[in-house]
Amino acid sequence: MIEPRDFIRTQVADDLASGKHKKVITRFPPEPNGYLHIGHAKSICLNFGVALEAGGECHLRFDDTNPEKESQEYIDAIQRDVEWLGFKWTGPVRYASDYFDALHDYAVQLIRMGRAYVDSQSAEEMRANRGTLSEPGKNSPYRDRSVEENLALFAQMRAGELDEGSCVLRAKIDMASGNINLRDPAIYRIRKIAHHQTGDKWCIYPMYDYTHPLSDALEHITHSLCTLEFEDHRPFYDWLLDTLATPAHPQQIEFARLNVNYTVTSKRKLKQLVDEKLVNGWDDPRMPTISGMRRRGYPAESLREFCKRIGITKSDGVVDVGMLEFCVREHLENTAPRAMAVLRPLKVVLTNYPAGQVEEIRAARHPNLPEMGERVIPFTRELFIDRADFEEVPPKGFKRLVPGGEVRLRNGYIIKCDEVLKNDAGEVIELRCSCDMATLGKNPEGRKVKGVIHWVSAEKGVVAEVRLYDRLFTDAAPDRGDVDFKTFINPHALDVVQAVIEPSLLEAAPEDRFQFEREGYFCADLADSQPGKPVFNRTVGLRDSWKPA
């Protein structure tokens, strides 16, 4: 039974209770002209979630009416993303192009009814005669062509006998309507280009606003869920279904789209980032695409939880990206095994530890989940610690290693810094330390050591490429329109370091996630990790200032 926790679910529950519908059928209708982004994740979770909760069906239908901008790459990526998020569509993958014959026949019906005509105005003339929000449009001089003439011209369009841009087929509604979408909208245009599904069968293609409601009707969709920008398009949606004898009349319901700060979700702008090589493809972990977030290490469960928490409303707003990152951390805290990686290595030599000795230290893979088991960490005379964990002149409150000071190695011994070695430029290159051999798993007697740092064996550690990702934009509203969004690209959105990782991480498979202790959450890269040559992406840091309400 569907729980009416928002206005859409309430409507669906009421429709089932009243008997208006015996089964709920929704659809997720992406256009295959780019990869899906975080905004689409909200729509996916809503459409598939409502159907699942109501015991109904959800179709995956590609609204493929613009072959010039569409490709099989996008189709494949969209299917992967939907499945990765944890959803499965009912029946086969559907395409609006599956219905091109029916849509053509419906257009002929509109012409025969006197409700559509072929307009031979240029695009500029049509735009000039469309009117404004305060002024009505003007009738086309071709609006009163006879049914016979319109049928003949539309047949010529269909046969490829007319040039692109020479005419369009328009619905005949009301050029004086207060809703510009009802001012004789175009429903077919000539495009002499092959289609990725239908090949060269068609040289005319239906417009999106015409295709969408009829495809919904042909699939017997009950609830057509759209974002708010389609609210003004609903009168045309209903006009088509009221005018034509369709097998169903779906109900279009609008909800607020997802806007996230520090993020751009315009497909055109995302494609611009890709085309101009400002990122490394649609699945670049800096991108807000589902593929990018997956590759960065975001769990699908976190995206679903994020979409659940933001809810479904009618009011536009901006969600703090910190809320998404909070959901990611919350999931990974309870699921990601621990490991150690030194991102900026500084060599440490334990002068009193036997040369050549390798000690196996056993540590829990997760402090709160003993069922995860243990891992073996090799301990040797030479180690690496992070450069940030040593200061010759420590700032106030510094609790890590200093000259003459002590610190505990995570899961290991307490060590004391006895000597600092530098190069000719005065840079610290090595620390000589002594190891308190009585402190493995024990506290020292007579003194308290506060600092704990992570480490990796210099002799047994593995060199790995680690990619430190940050937010792609430095401004909270990069898409606000008064400046070029590209000026806000964060030059430090990606820093690559050669790190040293504990050898247990060699077993990581692509997409395996870990908490690198004291560093953050990381994921083995989906594309570039290879056996013996691991690549890890930083998913998110350990802490953030955002707090749940």
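The values are calculated or read from the model by the stated rules, or taken from the named source; none is laboratory data. For clarity, every value in this text was computed on a predicted model and none was experimentally measured. Glycine also receives a Cβ, built like all others from the backbone with ideal geometry; neighbour counts cover every protein chain displayed.
Exactly one residue out of VAL456, VAL428, VAL452 is farther than 22 Å from GLU502 by Cα, surrounded by 15 or more Cβ atoms within 10 Å (Cβ to Cβ) and among the aliphatic types (A, V, I, L, M): that is VAL428. Counting only residues that are closer than 17 Å to LYS347 by Cβ and assigned to a strand (DSSP E or B), the range 399-424 holds 11 of them. The one condition from (1) in contact with a Pro (Cβ under 8 Å, 6 or more places away or on another chain); (2) within 26 Å of LYS138 (Cα to Cα) that HIS195 does not meet is (2).
From the list TYR74, TYR95, which residue is touching a strand residue (DSSP E or B) at 6+ places or on another chain (Cβ under 6 Å) and either at pLDDT 95 or above or surrounded by fewer than 21 Cβ atoms within 10 Å (Cβ to Cβ) (or both)?
On the way: TYR74 fails: touching a strand residue (DSSP E or B) at 6+ places or on another chain (Cβ under 6 Å).
Testing whether each residue is touching a strand residue (DSSP E or B) at 6+ places or on another chain (Cβ under 6 Å) and either at pLDDT 95 or above or surrounded by fewer than 21 Cβ atoms within 10 Å (Cβ to Cβ) (or both) leaves just TYR95.
Filtered by the rule that a residue be at pLDDT below 95 and farther than 30 Å from LYS399 by Cβ, the range 511-543 gives LEU526, ALA527, ASP528, SER529, GLN530, PRO531, GLY532, LYS533, PRO534.
Of ASP184, ASP232, which residue is at positive phi and not basic (Lys, Arg)?
Details: ASP232 fails: at positive phi.
From the options ASP184, ASP232, the qualifying one is ASP184.
Among the residues of the range 198-236, the ones that are surrounded by 18 or more Cβ atoms within 10 Å (Cβ to Cβ) and not in a helix (DSSP H, G or I) come to 13 in all. Close contacts from the range 110-138, counting a first residue that is among the polar types (S, T, N, Q) and a second that is surrounded by 15 or more Cβ atoms within 10 Å (Cβ to Cβ) and at pLDDT 95 or above, with Cβ to Cβ under 6 Å and a gap of 6+ residues or different chains, come to SER120/TYR142; SER120/CYS167; GLN121/SER140; ASN129/GLY137; ASN129/LYS138. Within the range 204-226, residues that are closer than 18 Å to GLN11 by Cβ sit with their Cβ atoms under 8 Å from residues that are of a type in the set (Val, Ile, Thr) and assigned to a loop (DSSP other than H, G, I, E, B), at 6+ positions apart or across chains, in these pairs: THR222/VAL24; HIS223/VAL24.
Each row is one residue, and each column tells you yes or no for (1) at pLDDT 95 or above; (2) closer than 25 Å to LYS450 by Cβ; (3) out of contact with any Cys (no Cβ under 8 Å at 6 or more places or on another chain).
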{"site": "CYS327", "(1), (2), (3)": "yes, no, yes"}
{"site": "HIS331", "(1), (2), (3)": "yes, no, yes"}
{"site": "GLN357", "(1), (2), (3)": "yes, no, yes"}
{"site": "GLU391", "(1), (2), (3)": "yes, yes, yes"}
{"site": "LYS396", "(1), (2), (3)": "no, yes, yes"}
{"site": "PRO403", "(1), (2), (3)": "yes, yes, no"}
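Within the range 256-303, if we keep just the residues that are among the aliphatic types (A, V, I, L, M) and part of a loop (DSSP other than H, G, I, E, B), the residue that is nearest to CYS523 (Cα to Cα) turns out to be MET287.
So that you can scan it fast, the table gives a plain yes or no per residue for (1) touching a helix residue (DSSP H, G or I) at 6+ places or on another chain (Cβ under 9 Å); (2) polar (S, T, N, Q); (3) surrounded by 14 or more Cβ atoms within 10 Å (Cβ to Cβ):
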residue	(1), (2), (3)
LYS308	yes, no, yes
VAL319	yes, no, yes
GLY322	no, no, yes
CYS327	yes, no, yes
GLU333	no, no, no
ALA339	yes, no, yes
PRO345	yes, no, yes
TYR353	no, no, yes
ARG362	no, no, no
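Scanning the range 127-176 for residues that are farther than 22 Å from LEU103 by Cα and hydroxyl-bearing (Ser, Thr, Tyr), we see that the one that is nearest to the chain's Cα centre (by Cα) is THR132.
Among the residues of the range 252-276, which ones are under 24 Å from ASP6 (Cα atoms) and in contact (Cβ under 8 Å) with a residue 40 or more places away in the chain?
Pass one, the range 252-276, residues under 24 Å from ASP6 (Cα atoms): 252-261.
Hits for the range 252-276 are ILE253, GLU254, PHE255, ALA256, ARG257, LEU258, ASN259, VAL260, ASN261.
Restricted to strands (runs of 3 or more DSSP E) entirely inside the range 323-396, those with at least 3 residues that are in contact (Cβ under 8 Å) with a residue 40 or more places away in the chain are 345-350, 374-379, 382-386. Within the range 3-48, if we keep just the residues that are without any contact (Cβ under 8 Å) to a residue 12 or more places away in the chain and among the hydroxyl-bearing types (Ser, Thr, Tyr), the residue that is surrounded by the fewest Cβ atoms within 10 Å (Cβ to Cβ) turns out to be SER18. Close Cβ contacts (under 8 Å, 6 or more residues apart or on different chains) running from residues in the range 425-452 that are farther than 23 Å from PRO345 by Cα to residues that are surrounded by 14 or more Cβ atoms within 10 Å (Cβ to Cβ) and charged (D, E, K, R) comprise THR439/ARG408; PRO444/ASP436; ARG447/GLU406. Scanning the range 81-88 for residues that are touching a strand residue (DSSP E or B) at 6+ places or on another chain (Cβ under 6 Å), of a type in the set (D, E, K, R) and either surrounded by 13 or more Cβ atoms within 10 Å (Cβ to Cβ) or within 25 Å of LEU214 (Cβ to Cβ) (or both) turns up nothing.
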